[in-house]
Amino acid sequence: QVQVVESGGGLVQFGGSLRLSCVASGFTISSYHMSWYRQAPGKERELVASITTTGSTNYADSVKGRFTISRDNAKNTVYLQMNSLKPEDAAVYYCMRSPKSVLAWGQGTQVTVSS
């Protein structure tokens, strides 16, 4: 079964850090660009960070300098290190591959930031 499972979210104080993980199964992430998205209540899902198959990264302006996306192809896992968290970072975070093809969105992992 082709799927991704996100984990690592939680409640953190303003300025704190979290590391999210995305474990893929049914496909090999080394063949795909991988991305993290987030969706806050009442807002559309937005792209947060991407990493290509060769390791090049791209970030939304709102998270540049604070978030780092990485991949461990041997573990078939993608990570998102989030530092200096702000209340506006609170959302459900999802990972996705490109091209998406038959992969469905996972359940995501909730990040809550207290001010």
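The values are calculated or read from the model by the stated rules, or taken from the named source; none is laboratory data. All values reported here derive from a predicted model rather than from experimental measurement. Cβ atoms come from the backbone with ideal geometry, glycine included; neighbour counts cover every protein chain shown. With ligands, DNA and RNA removed, areas are computed over all heavy atoms of the protein, side chains included. Shrake-Rupley method; radii C 1.70, N 1.55, O 1.52, S 1.80 Å.
Tabulated values for the structure
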read-out	value
Leading residue by the ranking (farthest from S115 (Cα to Cα)) among those in region 64-82 that are open to solvent by 50 Å² or more (accessible area, probe 1.4 Å) and without any contact (Cβ under 8 Å) to a residue 60 or more places away in the chain	A74
Some residue of region 101-111 being surrounded by fewer than 20 Cβ atoms within 10 Å (Cβ to Cβ) and part of a strand (DSSP E or B)	yes
Looking only at region 14-63, and only at residues there that are of a type in the set (D, E, K, R) and within 14 Å of the chain's Cα centre (by Cα), the one that is least open to solvent (accessible area, probe 1.4 Å)	R38
So L85, is it over 16 Å from W105 (Cβ atoms), open to solvent by 70 Å² or more (accessible area, probe 1.4 Å) and touching a strand residue (DSSP E or B) at 6+ places or on another chain (Cβ under 7 Å)	no
Scope region 54-82; condition in a loop (DSSP other than H, G, I, E, B) and of a type in the set (S, T, Y); matching residues	T54, S56, S62
Among residues of region 20-57, those that are closer than 16 Å to T109 by Cα and β-branched (V, I, T), counted	2
